[in-house]
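All remarks here apply to the structure that follows.
FYI, it's all coordinate maths here, none of it is from the lab. Note that the structure is predicted; figures quoted are calculated from it, not measured. For neighbour counting, all protein chains shown are included, and Cβ atoms are generated from backbone atoms with ideal geometry for every residue, glycine included.
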Ligand code: PLP
């Protein structure tokens, strides 16, 4: 029989535990730098104006209903989602060697990709290890482990420079067995905020190609990082142009502010070859079977909202404007935080605050310093010293800088 008494207590998800502690804190000074969701300058969640418009259109649509989507999701979304990543008339699309499936946001896309690889990647071979950056989004470890794929890490963050440990990364990927799966954050690396430069991406592409590694891109911040959708897709497009066979997990949580709607896509791209389109069709058929047994079909509401925006040129332009608002505010907060720390002559270098990009910054603060910020200043961040830049605003940035200054001294 099932010995339920023997099931051990699982640890609480650290991020959600942090969120609870923040909520329970009654101090008027409290600052939430933990959660990875955008906040406006008044610390409030921001419904993108373009999303409000799309929502209005959707609610006034007499044809709208709550029927099931097809197994692969809303075609009007998945086709535009692929264009967004690969470029409008990318050969991978026109040659029909990309397959796209709507998923439960980025998490579901990573999971579907992991499940697909666990089932089909080198089933006869021995090497199925997934190399993830150290550190990476914590969920990567659980998702790949859950489907039985072994995990290894490659160095990524240099504690000295608080930038990329490029040599360490290359040397581990060089030594990894040929044909390993390599998980890469397309832009705005979570949790470090550190991305390879375009030149470093080219070197990585050459290395992965020489080693026959399989790229698995995770893109959760396209347009949210730099404010430019094309620029934030640069690494993915480079790899696709170089003819890699690869997969991509895409989230619309951050760039549309559709967190709870769970809109996202998984994409498979085949290398250019005479039979690439047939291969892609077969892959799509297997993805559909996996999807059917996992979720049957994906959620409809957020997918429709994203699809309305992506398919309407005027709304698309407005979305780009909204993306510039979010990324611009975050870049501005990076500048203000760094300037204040430098003004206070806080010990250490703070250039990494503005060198890093996207939602997060790896500050270099130690665990005791993080805990002191929490207990003495009501400032909440994860123990690894990661801060969500979106939690900073013009009201609290000086307070946070002053508190950091105190705990660092
Ligand atoms: N991948 C990375 C690197 C992320 O940072 C996130 C969100 O924090 C996700 C994937 C997936 O998020 P969601 O499932 O909300 O789209």
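In terms of the mean number of neighbouring beta-carbon atoms within 10 Å, the peptides 231-243, 257-269 order highest first as 257-269, 231-243.
Put simply, the C-alpha atoms of segment 1-120 give a gyration tensor, and the ellipsoid matching it has half-axes of 34, 27, 17 Å, longest first. In this simple spin-label model, placing a label point 7 Å from the Cα along the Cα-to-Cβ direction at both residue 20 and residue 332 gives a separation of 3.6 nm. The packing ranking, built from the mean of other Cβ atoms within 10 Å per residue, places the peptides 152-159, 64-71, 137-144 in the order 137-144, 152-159, 64-71, highest first.
Between residue 292 and residue 199, the contour length at 0.36 nm per residue exceeds the alpha carbon distance by 29.4 nm.
The protection proxy used here, the mean number of other Cβ atoms lying within 10 Å of each residue, ranks peptides 31-42, 187-198, 46-57 as follows, highest first: 187-198, 31-42, 46-57. When the Cα convex hull of segment 303-406 is projected onto planes of every orientation, the mean area is 7.9 nm².
Calculate how steeply helix 75-86 sits against the longest principal axis of the alpha-carbon atoms of the chain, using the helix alpha-carbon long axis, and give the answer as 0 to 90 degrees to the nearest 10. It is inclined by approximately 70 degrees.
Spatial offset of segment 346-386 relative to segment 79-104 amounts to 38 Å, using the alpha carbon center of each.
Going by the alpha-carbon gyration tensor, a ≥ b ≥ c the square roots of its eigenvalues, is segment 214-313 rounded (a/c under 1.5) or, if a/c is not under 1.5, prolate (a/b greater than b/c) versus oblate? Oblate. Here is the P(r) of segment 138-280: all C-alpha pair distances, binned every 10 Å from 0, give 11, 39, 39, 12, 0 in whole percents.
For segment 146-205, the percent of C-alpha pairs falling in each 5 Å distance bin, counted from 0 to the bin holding the largest distance, reads 4, 16, 27, 26, 16, 8, 2, 0.
Figure legend: label point modelled 7 angstrom from the Cα of residue 284 along Cα→Cβ; residues of segment 221-251 with amide N under 17 Å from it are 246-248. For the chain, the longest principal axis of the alpha carbon atoms and the long axis of helix 367-377 meet at an angle near 60°.
Distance between the 7 Å Cα→Cβ label points at residue 175 and residue 354: 3.7 nm.
Using alpha-carbon pairs under 8 Å, 6+ residues apart, how would you state the relative contact order of segment 1-121 in percent? Don't skip to the answer; put the middle values down first.
Details: 39 pairs, mean separation 15.0, N = 121.
Relative contact order of segment 1-121: 12 percent.
With viscosity set to 1.306 mPa s and temperature to 10 °C, compute the Stokes-Einstein D of segment 100-174, Rh being the Kirkwood radius across alpha carbon pairs; µm²/s, no decimals.
Details: Rh = 13.7 Å.
Taking Rh from Cα pairs, D becomes 116 µm²/s.
Spin-label model, residue 27 to residue 301: label points 7 Å out along the Cα-to-beta-carbon direction sit 3.6 nm apart. Over the chain, all Cα pairs binned in 10 Å intervals from 0 give whole-percent P(r) values of 5, 22, 31, 26, 14, 3, 0, listed from short to long.
Report the full-extension gain for the segment residue 325 to residue 43: residue separation times 0.36 nm, less the Cα-Cα distance, to one decimal in nm.
Details: separation 282, 0.36 × 282 = 101.52 nm, distance 1.46 nm.
So the extension gain works out to 100.1 nm.
Pairwise inverse Cα distances across segment 366-409, averaged and inverted, put the Kirkwood hydrodynamic radius at 10.5 Å.
Fewest first, what order do 25, 230 take by the number of other Cβ atoms within 10 Å?
Numbers: 25 16, 230 13.
In increasing order of surrounding Cβ atoms, one gets 230, 25.
Mind running the shape call on segment 277-354? Use the C-alpha gyration tensor, a ≥ b ≥ c as the square roots of the eigenvalues: rounded below 1.5 for a/c, prolate if a/b tops b/c, oblate otherwise. Verdict is prolate for segment 277-354. Looking at the chain alone, DSSP beta bridges between its own residues are antiparallel in about 50 percent of cases.
Once you have the Cα-Cα distance between residue 161 and residue 275, take 0.36 nm times their residue separation minus that, and quote the gain in nm to one decimal.
Details: separation 114, 0.36 × 114 = 41.04 nm, distance 4.60 nm.
Answer, rounded to one decimal: 36.4 nm.
Taking the Cα atoms only, what angle lies between the long axis of helix 276-294 and the longest principal axis of the chain, rounded to 10 degrees? The answer is roughly 60 degrees.
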